[in-house]
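First comes the structure, then the notes that go with it.
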Amino acid sequence: MLDLIRRHDGHTEALVDAECGQRVSYAELAARAGRAAEELAGLQGRAMVFLLAASTVDFVALYLGCLAARLPVLLVDPDAAMGKLLEAYRPSMILCADDRAFEGYGSRALATAPSYRAWRRPGAYAVHPDAALFLSTSGSTGSPKLVRLTEGNLRSNALSIAEYLELGPGERAVQSLKLHYSYGLSVLNSHLAGGGTVVLTPRSFIRPEFWQALDGERCTSFAGVPYMYETLHRLRFKPARHPSLRTLTQAGGGLAPDLAAHFHHLAVQAGARLVVMYGQTEATARIAYVPPPRLLEKLGAIGIAIPGGTLSLRPVAGMAGQELVYAGPNVMLGYAECAADLALGDVLGGVLGTGDLAVRDDDGFFRLVGRLNRFAKLFGMRIGLEEVERSVEAAFKVPAGVVEGKDELHVLLESPGIDPAEVAAFLARDLGVPPKAIVARRVEALPRTGNGKKNYAAMTVPPC
């Protein structure tokens, strides 16, 4: 990534810290990352590093420094419990910006990132020479299952995103997503690859300080996941109130078609665009996108493959549906679930079975219709839970979560204004099952991961 940064005009702003007003040019960022690489390499040989994420220039310098020094690095959610991660991988170094301590580790200050300290311990596990970055598959819970990425994965996906979003030196992205999350990290990587500017802020998108930073720094783009757009819809958000805003991007799960149409119309009225995208951490970030001029025509679709990638469908044994398969240079090496897995090489060969069931239309656009592992057996019928959720959300305009019980489906409704009995009756008719087979109830909020995705593991079924 450092070579991409060095090719840009050194005087152009690369980063702005909206909290303290710090501004860093491309020349300064390259120099800081280079010095960080030298300092980190001097502390240890090639071994796993945990880097706790922060919305600061110091974090970006350390992230780029680890890549440049070829130190395989896991980006960690600073708010997540780290016990399982530490137990599974026992990193040789932890880079942390807060005042916590780590038992068995000694610490020292970092000259190149003064807000961080390096916590070190002897001993290390072998890491494959191509592994550069590790990201959590959940992004929030501290699960020890990691995605193993190469610098080539990062580089290719950043350049691909920069190409289809037409990112250049005039683009200024506000940091609306956490940087340990693959979508948030891809915003940083793609803008640095394209020569744009990233405005860093720890503020939530629901805070006025966030929008003050967006307007004050003349940001041109905002990235959000579905729950963020659902929230903005309730807050009556209008892009026209933010004159510099030219692009809204959406990924991290399916956005309801009516909401996609709503924000598309608002964006067009403001002279902006909405770009709906699809991706997985396993493919670094992005896999597909819908060209904005075709969004209304293709509502509900994930679109076409990103530049440099291909999408196809393959049969699934015992099922009528077909699995979406992506191939491209941004596909991970594979997973790691324990320290021994860090030494594994490329087990996928650039081909990723996404686990999503999909169909392709006559124009080559793909649409998701379910998940391989999201099915329930009810009265002898195989029922796709994703399809049930979409049906409820389309009919009642409310976020919903569906999980399987013993002999019934449980439907969680994120709205005080919806009658659960009406939803249960609707689904019983739609699925052709007895009313007792559907248990619907209202919840204040659906459980979500730190990335805003629905957390099905936390959608517990009430005891009998």
Report summary line: Here the residues within the range 70-88 that are buried (at least 22 other Cβ atoms within 10 Å of the Cβ) and more than 22 Å from the chain's Cα centre (by Cα) are Leu71
Query - Residue count, the range 243-263 (criterion: at positive phi and surrounded by fewer than 24 Cβ atoms within 10 Å (Cβ to Cβ)) - result: 1
Requested in this report: Go through the range 338-350 and count every residue that is assigned to a loop (DSSP other than H, G, I, E, B) and either touching a Phe, Trp or Tyr at 6+ places or on another chain (Cβ under 8 Å) or surrounded by 13 or more Cβ atoms within 10 Å (Cβ to Cβ) (or both).
Outcome: 5
Requested in this report: Evaluate the range 194-208: report whether one residue or more is surrounded by fewer than 22 Cβ atoms within 10 Å (Cβ to Cβ) and either outside the structural domain of His11 (by TED's automatic domain parsing) or among the aromatic types (Phe, Trp, Tyr) (or both).
Outcome: yes
Query raised in the report: When the range 393-416 is examined, which residues are found to be closer than 17 Å to Ala256 by Cα and assigned to a loop (DSSP other than H, G, I, E, B)?
Result: Lys397, Val398, Pro399, Glu414, Ser415
Query raised in the report: Within the range 218-238, is there a residue that is surrounded by 21 or more Cβ atoms within 10 Å (Cβ to Cβ) and in contact with a Cys (Cβ under 7 Å, 6 or more places away or on another chain)?
Result: no
Query raised in the report: What's the number of the condition Arg314 fails, among (1) part of a strand (DSSP E or B); (2) of a type outside the set (Gly, Ala, Ser); (3) crowded, with 16+ Cβ neighbours inside 10 Å?
Result: (3)
Requested in this report: Name the residue, out of Glu151, Glu217, that is farther than 30 Å from Glu87 by Cβ and either among the acidic types (Asp, Glu) or out of contact with any Leu (no Cβ under 9 Å at 6 or more places or on another chain) (or both).
Outcome: Glu217
Query raised in the report: Do we find that Ala18 is in contact with a Ser or Thr (Cβ under 6 Å, 6 or more places away or on another chain) and aliphatic (A, V, I, L, M) in this structure?
Result: yes
Report summary line: The condition from (1) under 21 Å from Tyr183 (Cα atoms); (2) hydrophobic (A, V, I, L, M, F, W, C); (3) buried (at least 24 other Cβ atoms within 10 Å of the Cβ) that Ala36 misses is numbered (1)
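If a residue counts only when it is under 20 Å from Asp9 (Cα atoms), which strands (runs of 3 or more DSSP E) contained entirely in the range 138-203 have at least 2 such residues?
Those strands (runs of 3 or more DSSP E) span 172-174, 197-200.
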**Report entry** Filter pass, Val225 being of a type in the set (Val, Ile, Thr) and modelled with pLDDT of 95 or more
**Finding:** no
Query - Unmet requirement for Ala267, which otherwise passes all of (1) small (Gly, Ala, Ser); (2) touching a residue at least 40 places away in the same chain (Cβ under 8 Å); (3) buried (at least 20 other Cβ atoms within 10 Å of the Cβ) - result: (2)
Report task. Within the range 275-282, identify whether any single residue is closer than 25 Å to Leu352 by Cβ and part of a helix (DSSP H, G or I), and answer yes or no. Result -> yes
Query raised in the report: With Ala267, Ala223, Ala251 as the choices, which residue is closer than 23 Å to Val24 by Cβ and of a type in the set (A, V, I, L, M, F, W, C)?
Result: Ala223
**Report entry** All positions within the range 90-102 that are surrounded by fewer than 21 Cβ atoms within 10 Å (Cβ to Cβ) and either outside any loop (DSSP other than H, G, I, E, B) or under 23 Å from the mean Cα position of the chain (by Cα) (or both)
**Finding:** Ala97
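Collect the residues in the range 1-32 that are β-branched (Val, Ile, Thr) and surrounded by fewer than 18 Cβ atoms within 10 Å (Cβ to Cβ), keeping them in residue-number order. Step through it out loud before you land on a result.
Of all residues in the range 1-32, those β-branched (Val, Ile, Thr) come to 5, 12, 16, 24.
Matches in the range 1-32: Thr12 only.
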Report task. Considering each of Pro329, Pro307, Pro293 in turn, give the residue that is more than 26 Å from Leu85 (Cα to Cα) and assigned to a helix (DSSP H, G or I). Result -> Pro293
Query - Hits in the range 114-133 (condition: buried (at least 21 other Cβ atoms within 10 Å of the Cβ) and within 29 Å of Asp346 (Cβ to Cβ)) - result: Val127, Ala131, Ala132, Leu133
Query - Set Ala18, Ala61, Ala27, Ala81: member being in the same structural domain as Gly123 (by TED's automatic domain parsing) and in contact with a Lys or Arg (Cβ under 6 Å, 6 or more places away or on another chain) - result: Ala61
Query raised in the report: Is the range 210-233 home to any residue that is over 30 Å from Ala445 (Cβ atoms), part of a helix (DSSP H, G or I) and either in contact (Cβ under 8 Å) with a residue 60 or more places away in the chain or not assigned by TED's automatic domain parsing to the domain that holds Cys20 (or both)?
Result: yes
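The values are calculated or read from the model by the stated rules, or taken from the named source; none is laboratory data. As the structure is a computational prediction, the values presented were derived from the model and not from experiment. A quick note on method: Cβ atoms are made from the backbone with ideal geometry, for glycine too, and the neighbour counts reach across all protein chains shown.
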